[in-house]
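J.: Have a look at this one.
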Amino acid sequence: MKVRDITSAIEEFAPLSIQENWDNSGLIVGSQDDEVHQILFGFDCTPELIDEAVECGADMVVAHHPLIFKGIKRLDPADPAALAVIKAVRAGVAVYAAHTTADKVISGVSGAMAARLGLENVQILDEDGEGTGFGTIGNFPSPMSAEEAVAYVKEKFSLKVARCSRLIDGPVSKVAMCGGSGSSLIGAAVKAGAQLFITGDVSYHNFFTVNDFMIMDVGHFESEVDIVDILFSLIRKKFPNFAVRISSRLAGSNPVLYL
(Lines give C-alpha, C1' and ligand atoms only; values in the text may rest on other atoms or scores of the structure.)
Protein backbone atom coordinates (compact mmCIF):
# COMPACT_ATOMS: atom_id res chain seq x y z
CA MET A 1 0.00 0.00 0.00
CA LYS A 2 1.26 3.47 -0.87
CA VAL A 3 0.60 6.71 0.94
CA ARG A 4 -1.26 7.93 -2.14
CA ASP A 5 -3.79 5.09 -1.77
CA ILE A 6 -4.65 6.32 1.73
CA THR A 7 -4.71 10.01 0.86
CA SER A 8 -6.89 9.38 -2.19
CA ALA A 9 -9.44 7.53 -0.05
CA ILE A 10 -9.54 10.33 2.52
CA GLU A 11 -9.82 13.00 -0.16
CA GLU A 12 -12.80 11.27 -1.77
CA PHE A 13 -14.52 11.99 1.54
CA ALA A 14 -12.92 15.37 2.29
CA PRO A 15 -11.34 16.93 -0.84
CA LEU A 16 -8.30 19.15 -0.40
CA SER A 17 -9.89 21.66 -2.77
CA ILE A 18 -12.40 22.73 -0.10
CA GLN A 19 -9.92 23.56 2.65
CA GLU A 20 -9.69 27.15 3.84
CA ASN A 21 -6.83 29.21 2.41
CA TRP A 22 -5.22 29.54 5.87
CA ASP A 23 -5.30 25.80 6.47
CA ASN A 24 -2.65 23.14 5.85
CA SER A 25 -4.61 19.94 5.33
CA GLY A 26 -3.04 17.16 3.30
CA LEU A 27 0.24 15.26 3.40
CA ILE A 28 2.59 17.19 5.67
CA VAL A 29 5.47 14.75 6.16
CA GLY A 30 6.54 12.08 3.70
CA SER A 31 6.02 11.20 0.05
CA GLN A 32 2.94 9.96 -1.76
CA ASP A 33 5.12 7.08 -2.99
CA ASP A 34 6.09 5.90 0.52
CA GLU A 35 5.06 2.37 1.45
CA VAL A 36 2.52 2.08 4.27
CA HIS A 37 2.00 -1.06 6.31
CA GLN A 38 -0.03 0.32 9.21
CA ILE A 39 -1.80 3.60 10.06
CA LEU A 40 -2.31 5.21 13.46
CA PHE A 41 -5.20 7.67 13.80
CA GLY A 42 -5.11 10.50 16.32
CA PHE A 43 -6.47 13.99 16.94
CA ASP A 44 -3.35 16.14 17.22
CA CYS A 45 -0.02 15.09 15.75
CA THR A 46 2.05 15.42 18.90
CA PRO A 47 5.50 13.96 19.61
CA GLU A 48 3.71 11.42 21.79
CA LEU A 49 1.54 10.31 18.86
CA ILE A 50 4.64 9.80 16.69
CA ASP A 51 6.23 7.81 19.52
CA GLU A 52 3.12 5.63 19.70
CA ALA A 53 3.24 5.10 15.93
CA VAL A 54 6.84 3.91 16.20
CA GLU A 55 5.99 1.67 19.16
CA CYS A 56 3.14 -0.07 17.34
CA GLY A 57 4.91 -0.29 13.99
CA ALA A 58 2.75 2.28 12.13
CA ASP A 59 4.49 4.14 9.33
CA MET A 60 1.71 6.67 8.74
CA VAL A 61 -0.22 8.95 11.09
CA VAL A 62 -3.56 10.51 10.17
CA ALA A 63 -4.72 13.36 12.42
CA HIS A 64 -7.34 16.09 12.37
CA HIS A 65 -5.21 19.11 13.24
CA PRO A 66 -2.26 19.88 10.94
CA LEU A 67 1.19 19.46 12.41
CA ILE A 68 2.35 22.61 10.63
CA PHE A 69 0.14 25.65 10.00
CA LYS A 70 2.81 28.10 8.87
CA GLY A 71 6.35 27.74 7.63
CA ILE A 72 8.89 26.51 10.17
CA LYS A 73 12.15 28.45 10.15
CA ARG A 74 13.93 26.37 12.75
CA LEU A 75 13.49 22.78 13.93
CA ASP A 76 13.99 23.31 17.63
CA PRO A 77 13.20 20.13 19.60
CA ALA A 78 12.06 22.34 22.49
CA ASP A 79 9.03 23.22 20.33
CA PRO A 80 6.46 20.35 20.36
CA ALA A 81 5.49 20.78 16.70
CA ALA A 82 9.11 20.85 15.56
CA LEU A 83 9.89 17.84 17.73
CA ALA A 84 7.03 15.91 16.14
CA VAL A 85 8.42 16.73 12.68
CA ILE A 86 11.90 15.62 13.73
CA LYS A 87 10.60 12.35 15.17
CA ALA A 88 8.41 11.64 12.13
CA VAL A 89 11.23 12.25 9.65
CA ARG A 90 13.74 10.22 11.63
CA ALA A 91 11.34 7.28 11.94
CA GLY A 92 10.05 7.49 8.38
CA VAL A 93 6.46 8.13 9.51
CA ALA A 94 4.23 9.92 7.00
CA VAL A 95 1.84 12.49 8.49
CA TYR A 96 -1.50 13.52 6.99
CA ALA A 97 -4.08 15.99 8.31
CA ALA A 98 -7.76 16.32 7.44
CA HIS A 99 -8.68 19.61 9.08
CA THR A 100 -11.06 22.11 7.46
CA THR A 101 -11.58 19.55 4.70
CA ALA A 102 -13.26 17.31 7.29
CA ASP A 103 -14.94 20.30 8.96
CA LYS A 104 -16.77 21.34 5.79
CA VAL A 105 -18.40 18.07 4.69
CA ILE A 106 -21.76 17.37 6.30
CA SER A 107 -20.71 13.86 7.33
CA GLY A 108 -17.60 15.24 9.00
CA VAL A 109 -16.99 17.06 12.28
CA SER A 110 -20.22 19.01 12.72
CA GLY A 111 -22.32 16.21 11.27
CA ALA A 112 -20.88 13.92 13.93
CA MET A 113 -21.98 16.42 16.59
CA ALA A 114 -25.52 16.36 15.20
CA ALA A 115 -25.45 12.55 15.17
CA ARG A 116 -24.43 12.47 18.85
CA LEU A 117 -27.52 14.50 19.65
CA GLY A 118 -29.82 12.47 17.41
CA LEU A 119 -30.91 15.56 15.48
CA GLU A 120 -33.33 15.33 12.57
CA ASN A 121 -33.39 17.20 9.24
CA VAL A 122 -29.69 18.05 9.53
CA GLN A 123 -28.30 20.58 7.06
CA ILE A 124 -25.14 22.63 6.68
CA LEU A 125 -25.37 25.83 8.70
CA ASP A 126 -23.08 28.10 6.65
CA GLU A 127 -23.27 26.63 3.15
CA ASP A 128 -20.72 27.81 0.59
CA GLY A 129 -22.76 27.13 -2.54
CA GLU A 130 -20.86 23.94 -3.37
CA GLY A 131 -22.70 21.62 -1.01
CA THR A 132 -20.10 22.07 1.71
CA GLY A 133 -19.56 24.57 4.50
CA PHE A 134 -19.08 25.02 8.23
CA GLY A 135 -21.44 23.88 10.94
CA THR A 136 -24.72 22.00 10.89
CA ILE A 137 -28.26 22.69 12.07
CA GLY A 138 -31.10 20.33 12.87
CA ASN A 139 -34.00 19.64 15.19
CA PHE A 140 -34.42 17.71 18.40
CA PRO A 141 -37.03 14.95 17.88
CA SER A 142 -39.08 16.75 20.54
CA PRO A 143 -38.64 20.24 22.03
CA MET A 144 -36.90 20.49 25.41
CA SER A 145 -36.65 23.12 28.07
CA ALA A 146 -33.32 24.94 28.22
CA GLU A 147 -32.40 23.06 31.39
CA GLU A 148 -33.21 19.73 29.75
CA ALA A 149 -31.25 20.66 26.63
CA VAL A 150 -28.14 21.53 28.63
CA ALA A 151 -28.33 18.29 30.60
CA TYR A 152 -28.90 16.30 27.40
CA VAL A 153 -25.93 17.86 25.59
CA LYS A 154 -23.68 17.26 28.59
CA GLU A 155 -24.77 13.63 28.72
CA LYS A 156 -24.27 13.01 24.99
CA PHE A 157 -20.83 14.65 24.94
CA SER A 158 -19.82 13.04 28.28
CA LEU A 159 -19.15 16.44 29.85
CA LYS A 160 -18.64 17.13 33.51
CA VAL A 161 -19.05 20.84 32.87
CA ALA A 162 -20.02 23.17 30.03
CA ARG A 163 -19.85 26.95 29.66
CA CYS A 164 -23.31 28.37 28.90
CA SER A 165 -24.91 31.72 28.28
CA ARG A 166 -28.08 32.60 30.16
CA LEU A 167 -30.78 30.00 29.62
CA ILE A 168 -33.75 30.97 27.50
CA ASP A 169 -37.31 30.78 28.83
CA GLY A 170 -38.92 29.06 25.85
CA PRO A 171 -38.44 25.58 24.39
CA VAL A 172 -35.33 24.48 22.51
CA SER A 173 -36.12 22.65 19.28
CA LYS A 174 -33.67 23.88 16.61
CA VAL A 175 -29.98 23.40 17.38
CA ALA A 176 -26.96 24.68 15.45
CA MET A 177 -23.39 23.57 16.05
CA CYS A 178 -19.86 23.89 14.77
CA GLY A 179 -16.93 21.76 15.87
CA GLY A 180 -13.81 23.51 17.13
CA SER A 181 -13.77 27.31 17.24
CA GLY A 182 -17.15 28.26 15.82
CA SER A 183 -17.92 31.68 17.30
CA SER A 184 -17.88 33.23 13.83
CA LEU A 185 -21.07 31.30 13.07
CA ILE A 186 -23.13 32.71 15.96
CA GLY A 187 -24.82 35.17 13.60
CA ALA A 188 -25.61 32.40 11.11
CA ALA A 189 -27.12 30.30 13.90
CA VAL A 190 -29.35 33.18 15.02
CA LYS A 191 -30.40 33.93 11.44
CA ALA A 192 -31.27 30.26 10.87
CA GLY A 193 -33.65 30.30 13.83
CA ALA A 194 -31.67 28.15 16.23
CA GLN A 195 -32.46 28.47 19.91
CA LEU A 196 -29.16 26.79 20.87
CA PHE A 197 -25.69 27.00 19.35
CA ILE A 198 -23.02 24.51 20.41
CA THR A 199 -19.32 25.00 19.71
CA GLY A 200 -15.95 25.47 21.42
CA ASP A 201 -13.52 28.27 22.28
CA VAL A 202 -16.24 30.86 22.93
CA SER A 203 -14.90 34.18 24.21
CA TYR A 204 -16.47 36.10 27.09
CA HIS A 205 -18.36 38.76 25.12
CA ASN A 206 -20.05 36.19 22.89
CA PHE A 207 -21.98 34.93 25.90
CA PHE A 208 -24.07 38.13 25.81
CA THR A 209 -26.72 36.67 23.54
CA VAL A 210 -29.86 38.01 21.87
CA ASN A 211 -33.29 37.07 23.19
CA ASP A 212 -34.45 33.45 22.77
CA PHE A 213 -30.96 32.26 21.85
CA MET A 214 -28.31 30.55 23.95
CA ILE A 215 -24.76 29.26 23.53
CA MET A 216 -23.00 26.23 24.96
CA ASP A 217 -19.20 25.90 24.83
CA VAL A 218 -18.55 22.15 25.05
CA GLY A 219 -14.81 22.39 24.37
CA HIS A 220 -12.70 22.28 21.21
CA PHE A 221 -11.47 18.70 21.64
CA GLU A 222 -14.84 17.42 22.80
CA SER A 223 -16.67 18.87 19.82
CA GLU A 224 -14.29 17.48 17.20
CA VAL A 225 -12.83 14.22 18.50
CA ASP A 226 -15.41 12.03 16.70
CA ILE A 227 -13.63 12.78 13.42
CA VAL A 228 -10.89 10.35 14.47
CA ASP A 229 -13.31 7.44 14.44
CA ILE A 230 -14.87 8.67 11.18
CA LEU A 231 -11.50 8.68 9.39
CA PHE A 232 -10.54 5.35 10.93
CA SER A 233 -13.81 3.74 9.84
CA LEU A 234 -13.46 5.20 6.34
CA ILE A 235 -10.07 3.57 5.77
CA ARG A 236 -11.04 0.31 7.46
CA LYS A 237 -14.08 0.03 5.17
CA LYS A 238 -12.07 0.94 2.05
CA PHE A 239 -9.21 -1.44 2.91
CA PRO A 240 -10.74 -4.13 5.18
CA ASN A 241 -7.57 -6.24 5.37
CA PHE A 242 -5.21 -3.35 6.07
CA ALA A 243 -3.76 -2.65 9.53
CA VAL A 244 -5.35 0.45 11.07
CA ARG A 245 -5.70 1.51 14.69
CA ILE A 246 -6.84 4.45 16.77
CA SER A 247 -4.40 5.87 19.30
CA SER A 248 -4.76 4.12 22.64
CA ARG A 249 -4.05 7.50 24.24
CA LEU A 250 -6.77 9.42 22.39
CA ALA A 251 -9.06 9.92 25.38
CA GLY A 252 -6.25 11.47 27.40
CA SER A 253 -4.81 13.63 24.63
CA ASN A 254 -6.98 16.69 25.28
CA PRO A 255 -4.51 19.45 26.28
CA VAL A 256 -7.23 21.25 28.27
CA LEU A 257 -7.65 19.95 31.81
CA TYR A 258 -10.74 20.54 33.96
CA LEU A 259 -9.53 20.68 37.55
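J.: Taking the Cα centre of segment 163-259 as origin, work out the dipole magnitude from +1 charges on Lys and Arg Cβ and -1 charges on Asp and Glu Cβ, in debye rounded to 20.
T.: Roughly 400 debye for segment 163-259.
J.: Dividing the alpha-carbon Rg of segment 94-147 by 2.2 N^0.38 Å yields what?
T.: This ratio for segment 94-147 stands at 1.31.
J.: I've got another one for you. Kindly provide the chymotrypsin sites (Phe, Trp or Tyr not before Pro) of segment 16-101 that DSSP labels as loop, not H, G, I, E or B, and whose Cβ sees at most 10 other Cβ atoms within 10 Å.
T.: Sites meeting the loop and neighbour criteria: W22.
J.: Also, I was wondering about something else. Within the chain, what is the longest stretch that has no trypsin sites (Lys or Arg not before Pro) placed in a DSSP loop and near at most 15 other beta-carbon atoms within 10 Å?
T.: 75-159
J.: Can you tell me the length gained on complete extension of the stretch S203 to R4, counting 0.36 nm per residue apart and subtracting the Cα distance?
T.: Here the segment from S203 to R4 would lengthen by 67.7 nm.
J.: In whole percent, what relative contact order does segment 1-115 give with Cα contacts below 8 Å and a gap of six or more residues?
T.: Value for segment 1-115: 34 percent.
J.: With θ taken as phi - 60° and the coefficients 6.51, -1.76 and 1.60, list the Karplus ³J(HN,Hα) couplings across segment 101-106 in order, rounded to whole Hz; mark glycine and proline as x.
T.: Rounded to whole hertz, the list is 4, 7, 6, 9, 8, 5.
J.: Projected onto the charge dipole of the chain (+1 at Lys/Arg Cβ, -1 at Asp/Glu Cβ, origin at the Cα centre), which of A78, V228, F213 gives the Cα projection farthest towards the positive end?
T.: Sorting the options by dipole projection puts first A78.
J.: Shifting gears a bit: Scaled to the compact-protein estimate 2.2 N^0.38 Å, what is the alpha-carbon radius of gyration of segment 1-129, rounded to two decimal places?
T.: That ratio works out to 1.12.
J.: Given q = 0.09, 0.10, 0.13 Å⁻¹, what are the Debye log10 I(q)/I(0) values for the chain, with equal point scatterers placed on the Cα positions and solvent ignored?
T.: Log-scaled intensity ratios, in q order: -0.42, -0.51, -0.83.
J.: Roughly how many Å is it from the Cα centre of segment 114-180 to that of segment 1-80, as a whole number?
T.: So the two Cα centres are separated by 30 Å.
J.: Looking at segment 182-234, I'd like the Rg to Rh ratio, where Rg is from alpha-carbon atoms and Rh is Kirkwood's inverse mean 1/r.
T.: Answer for segment 182-234: 1.08.
J.: Check each of the chymotrypsin sites (Phe, Trp or Tyr not before Pro) in segment 116-213 and keep only those in coil by DSSP with at most 16 other C-beta atoms within 10 angstrom; list them in order.
T.: Here the chymotrypsin sites (Phe, Trp or Tyr not before Pro) that fit, given the DSSP loop and packing criteria, are F208.
J.: Could I ask something else about it? Ignoring ligands, DNA and RNA, what accessible area per residue does segment 183-253 give at 1.4 Å, in Å²?
T.: Spelled out: the 1.4 Å probe surface of segment 183-253, per residue, equals 49 Å².
J.: Additional query: Are there GluC sites (Glu not before Pro) in segment 124-168 that DSSP puts in a loop and that have at most 10 other Cβ atoms within 10 Å, and which ones?
T.: E130
J.: Something else: Taking the Cα centre of the chain as the origin, how large is its charge dipole in debye, to the nearest 20, when only Lys and Arg (+1) and Asp and Glu (-1) carry charge on their Cβ atoms?
T.: My answer is approximately 220 debye.
J.: Using r as the Cβ-Cβ distance of L167 and N254, and R0 as 25 Å, what FRET efficiency do you calculate, to the nearest 0.05?
T.: According to the calculation, E is roughly 0.45.
J.: Consider a paramagnetic label point 7 Å from the Cα of D212 along Cα→Cβ; state which residues of segment 158-177 have an amide N under 13 Å from it.
T.: Those under the cut-off are 168-174.
J.: Still on this structure, I have one more. When ligands, DNA and RNA are left out and all protein chains stay put, how many square angstrom of accessible area per residue does segment 1-143 have with a 1.4 Å probe?
T.: It amounts to 44 Å² per residue over segment 1-143.
J.: I would also like to ask the following. Just to be sure I understand the model, the point goes 7 Å from the Cα along the line to the Cβ. What's the resulting L159 to S17 distance in nm?
T.: A separation of 3.7 nm, rounded to one decimal place.
J.: I've got another one for you. Give me the base-10 log of I(q)/I(0) for segment 125-213 at each q in 0.22, 0.26 Å⁻¹, Debye formula, one uniform scatterer per Cα, rounded to two decimals.
T.: Computed log10 I(q)/I(0) values: -1.19, -1.59.
J.: Something else: At a 1.4 Å probe, what is the % contribution of carbon and sulfur to the accessible area of segment 1-155?
T.: Carbon and sulfur atoms account for 49 percent of the accessible area of segment 1-155.
J.: Report ³J(HN,Hα) in whole Hz for each residue of segment 16-22, in order, from the Karplus equation J = 6.51 cos²θ - 1.76 cosθ + 1.60 where θ = phi - 60°; Gly and Pro get x.
T.: Each residue of segment 16-22 in turn: 4, 5, 9, 5, 5, 5, 8 Hz.
The values are calculated or read from the model by the stated rules, or taken from the named source; none is laboratory data. Bear in mind that the values here come from a model prediction, so they are computed numbers and not experimental data. Cβ atoms come from the backbone with ideal geometry, glycine included; neighbour counts cover every protein chain shown. We work out accessible area using only protein heavy atoms, side chains counted, and drop any ligands, DNA or RNA first. Shrake-Rupley method; radii C 1.70, N 1.55, O 1.52, S 1.80 Å.
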